[in-house]
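Student: Questions regarding the structure given below will be posed in turn.
Computed from the coordinates by the stated procedures, all read-outs in this text should not be read as laboratory data. Remember, it's a predicted structure, so these values are computed and weren't measured experimentally. No Cβ is skipped: glycine too gets one built from the backbone with ideal geometry, and neighbour counts run over all protein chains shown.
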Amino acid sequence: MEYESGRPAVRKKIKPPGRRKIALILAAVFVILLGAGGYAFFSRTSVKAPFFATRAVNAFSFFVLGRNPHFYYLLVEKNGKDYQLSAQDAFDLSYRDEFVIKGIVSDDLLEKGVAVDVEGLGEKNDFRRLLKGIELIDKLMTVSKGGPPAGQVPEHHINVLYRDSVIARIPMKVTITPQDFLRYAKDSDDKRLQADYLKQAIAVNREDTQVRKMLAAVYTRQGKTADAIALYKEVLARKPDDAAALSELLKCYMNGKDYDQVVKTGAMLLQVNRQDGATYANVAYAQGKLNQWDRAIANYREAVRLSPDNTILLYRLGEAYEKSGKINEAASQYRNYLAKVPKADYAMIALADVSLKTGHVDEAIKWYREALRKQPRNAAIYANLGLAYQKKGLVREEIASLRRAVELNPKESVVQLNLAAALEKNKQNREAAKIYRKFGDRKTGDADAVERLANLEYRDKHYPQAIQLYEQIVAKSRRKAVIHANLGFAYGELKKLNPSAENYEKAIRYGNKDPQILYNLAYTYGRLGKTKEAIGAYEQYAAVQPTADVLNTLSDYYIRGRQYDRAIATYQKILPLLAKKAPVYANLGQAYGLKGNHDKAVEFYKLALRHDPGDDAVYVRLGEAYEKKQMYSEALNAYRSAYELNGESKKAAERFRALKIRLLEQKNREG
């Protein structure tokens with residue numbers, strides 16, 4: 001039962017003992033004293049004697065004077081083992097424990113007036129009752145949502161009573177274990193409550209990786225992907241080869257479309273299990289999303305080898321080959337897939353498309369026709385079939401297919417333009433002209449159609465016509481970012497640099513994320529002499545695509561602007577990108593020399609010559625650096641090497657002669 005601590009003891013009137021009772025008391029005291037002496041004699045120790053003497057005194061106080069008995073200890077059986085609990089001990093209790101208080105050792109030898117109350121468990125008197133720790137734990141777990149915070153379990157006691165008065169209190173050390181929180185998490189259908197219980201389980205045992213994985217799974221089901229990822233990372237920090245955690249982490253990244261992390265996590269998972277075909281497939285998919293098609297191909301191939309029954313992997317491998325430009329290999333995989341899944345119309349279309357690209361027009365026509373049996377109202381198939389007929393020179397069939405495509409999808413302007421081109425080719429000029437005029441008429445307001453016509457002109461490098469059409473629609477178009485980018489390029493090709501730069505700026509302002517736009521803008525700024533703006537644009541481009549070319553360009557700008565430290569830092573970034581490092585080392589030497597650090601200049605010129613000992617220009621620069629360090633003999637040797645490599649190097653010859661004369665004059669003066 002729950003015990004209310006601090007309850008005042010009930011005082012009762014003490015009656016004087018009768019003669020018979022006094023005789024019993026004296027006999028009991030005699031027995032205690034006799035037992036004490038015997039124990040001390042036979043155990044040959046004096047340690048116990050004071051205890052029995054004390055008991056004799058206390059027994060006298062209890063039996064003769066009528067005072068409350070003194071408590072010595074409890075006899076407890078817990079989980080099949082016996083224990084003695086005094087008031088100075090603490091009783092450990094967890095959900096696994098079952099116990100019985102079998103005896104109460106006090107001055108009340110007959111145990112008639114004594115009782116035990118275990119707070120939170122049992123009845124009014126828990127003496128000789130079977131008690132279970134799980135019952136107390138369950139009460140504590142339901143007190144607050146998610147269970148009590150770790151380390152904050154309320155105090156509990158075992159109260160020893162004599163005639164309802166507390167004569168001793170033994171503290172209980174109640175332990176809520178991670179398993180308790182796990183039990184409640186598993187039994188709850190409330191995902192938030194599950195998460196609360198699991199958080200508490202982690203707080204109790206911070207090294208338990210299994211609980212973290214369980215909580216991460218709950219977070220995943222709740223859509224809290226970032227929280228799940230954080231927990232899986234904690235697991236892997238403790239156990240890097242945990243395949244289950246790696247697999248679930250990969251899924252989280254996949255769901256979040258963080259394909260870089262999918263690739264990295266997949267690589268870690270494959271270190272643990274190299275026979276997991278699904279992991280190879282997931283990594284390949286992510287690499288495809290990152291346009292790393294060659295790597296995707298390698299991983300799809302391994303996935304196919306390990307999981308030959310997963311036929312869709314053949315199709316995915318075909319897609320990867322197609323994206324990488326390996327059209328013949330793509331066609332082969334699509335054929336393999338169709339051999340296993342002959343009704344897959346999407347594979348028919350894919351095979352027809354790649355067959356068209358590789359010039360296998362008859363095969364393309366065959367598969368487009370097969371696909372039309374499955375999808376008779378697919379305008380795109382008719383449009384592509386028209387292209388196939390066009391490649392075969394079958395103009396009538398081309399026109400028929402394109403007409404059907406237009407009937408099914410009259411809003412597709414490109415198909416209409418293709419139809420117009422086919423009609424014109426077939427000498428049906430009036431109908432073709434009608435379609436062209438429809439797209440070129442400014443009053444129609446068909447911006448999409450005009451844009452497509454402009455795109456055709458743009459791709460054909462008819463830049464004045466493209467500019468005219470783009471300018472006609474750009475103000476009202478929803479694709480301003482793309483149109484301004486095309487206008488920027490078109491104006492640039494016509495050497496109209498100011499409108500070119502203005503349109504590139506607008507393309508970026510309207511949200512064009514293509515790094516090439518930044519590069520083109522930077523290049524245009526450079527041609528306009530806007531050095532500061534050019535540097536800024538090149539820096540933005542390099543932050544996204546740090547290629548050696550753009551970093552070299554940036555370094556040149558820094559050198560010209562005397563920003564030598566920035567130039568040096570940029571050259572350092574180029575080094576890992578190039579197999580031939582000699583030019584970069586030479587440029588670093590030049591940058592350090594311009595900065596005035598001639599020691600570093602010499603160091604990097606030497607590195608450059610170690611990679612390319614035949615570069616006479618670097619020997620000349622090395623000689624100049626030595627001269628500035630007043631190391632004239634070394635400078636002379638460097639100039640000599642430059643001249644030996646290139647006898648037409650005027651600078652090497654001039655500096656060699658001048659320095660040789662200087663050294664002779666110096667020698668004469670010293671002699």
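Student: Using only the alpha carbons of region 209-368, what is the convex hull's orientation-averaged projected area in square nanometres? Don't skip to the answer; put the middle values down first.
Tutor: Numbers: hull surface 39.4 nm².
For the Cα atoms of region 209-368, the hull's average projected area reads 9.8 nm².
Student: Straight distance only, please: which lysines reach the Cα of K102 with their own Cα at less than 22 Å, same-chain residues fewer than 8 apart left out?
Tutor: K78, K81, K112, K124, K132, K173
Student: Eigenvalues of the Cα gyration tensor times 5, then square-rooted: what semi-axes does that give for region 507-629, in whole angstrom, largest first?
Tutor: Details: eigenvalues 192, 45, 21 Å².
Semi-axis lengths for region 507-629 are 31, 15, 10 Å.
Student: Sum up the charges of everything whose Cβ sits under 14 Å from the Cβ of E329, counting Lys and Arg as +1 and Asp and Glu as -1, but leave E329 out.
Tutor: Result for the neighbourhood of E329: +3.
Student: If you don't mind, there's one more thing I want to ask. With the contact rule set at Cα under 8 Å and sequence spacing of 6 or more, what percent relative contact order holds for region 553-604? List each step's numbers first, then the result.
Tutor: Numbers: 45 pairs, mean separation 15.2, N = 52.
Rounded, it is 29 percent for region 553-604.
Student: Taking R0 as 22 Å, what's the FRET efficiency between E135 and R169 from their Cβ-Cβ distance, rounded to 0.05?
Tutor: Details: r = 21 Å, r/R0 = 0.93.
Efficiency, from the Cβ-Cβ distance: 0.60.
Student: If packing is taken as the average number of other Cβ atoms within 10 Å across a peptide's residues, how do 539-550, 614-625, 484-495 rank, most packed first?
Tutor: Details: 539-550: 15.8, 614-625: 22.2, 484-495: 20.2.
Ranked from most to least packed, the peptides come out as 614-625, 484-495, 539-550.
Student: Once you treat every alpha carbon in region 559-670 as an equal point and sum by Debye, what is log10 I(q)/I(0) at q = 0.11, 0.22 Å⁻¹?
Tutor: Debye intensities relative to I(0), on a log10 scale: -0.37, -1.13.
Student: On a straight-distance basis, which lysines could pair with K239 in a cross-link, Cα separation under 22 angstrom, same-chain partners fewer than 8 positions away excluded?
Tutor: In chain and number order, the partners are K199, K213, K251, K264.
Student: Say R0 is 30 Å: what FRET efficiency, to the nearest 0.05, do Y83 and K224 get from their beta-carbon distance? Display every interim value, and only then the final one.
Tutor: On the way: r = 46 Å, r/R0 = 1.54.
Given R0 = 30 Å and the Cβ-Cβ separation, E is 0.05.
Student: Excluding M348 itself, what net charge comes from residues whose Cβ is under 12 Å from its Cβ, given Lys and Arg +1 and Asp and Glu -1? Kindly include the intermediate steps, with their values, before the conclusion.
Tutor: Details: positive: R335, K343, K366, R369, R373, K374; negative: D345, D353, E363, E370.
Local charge sum for M348: +2.
Student: What is the gain in length, in nm to one decimal, between V100 and K595 on full extension, counting 0.36 nm per residue of separation less the C-alpha to C-alpha distance?
Tutor: Values: separation 495, 0.36 × 495 = 178.20 nm, distance 8.67 nm.
Full extension of this stretch gives 169.5 nm more.
Student: Here's a follow-up. Under 26 Å between alpha carbons, and skipping anything fewer than 8 positions from K595 in its own chain: which lysines qualify?
Tutor: Cα-Cα hits under 26 Å: K530, K532, K573, K580, K581, K606, K628, K629, K650, K651.
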